[in-house]
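My questions all concern the structure below.
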């Protein structure tokens, strides 16, 4: 036996839902959405690179350079415990 919203039993549940209960249910729903994982970043359009995995900064600070050389220009940094994706 299937029930739909038009049956008297389901209408009685909706009619007994108080404004306070509705607000509690709404707050729980919005709170649950806050903990949803974010959408993954899109892959590069060209298939030259593939993801290798995740990495974590274990030093106090990691400098980001424009090319893989100690003499290259510093273009940014990441703090300790920052997690990022490695690319091939």
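The values are calculated or read from the model by the stated rules, or taken from the named source; none is laboratory data. Just so it is clear, the model here is predicted, and its values are computed rather than measured. Here Cβ is always computed from backbone atoms with ideal geometry, including for glycine, and neighbour counts include all displayed protein chains.
I want to confirm something. Restricting to the stretch 57-88 and keeping residues that are part of a strand (DSSP E or B) and within 20 Å of residue 42 (Cα to Cα), which single residue is farthest from the chain's Cα centre (by Cα)?
87
Would you confirm, using the coordinates I've provided, whether residue 5 is closer than 30 Å to residue 83 by Cβ and either at pLDDT below 70 or in contact with a strand residue (DSSP E or B) (Cβ under 7 Å, 6 or more places away or on another chain) (or both)?
no
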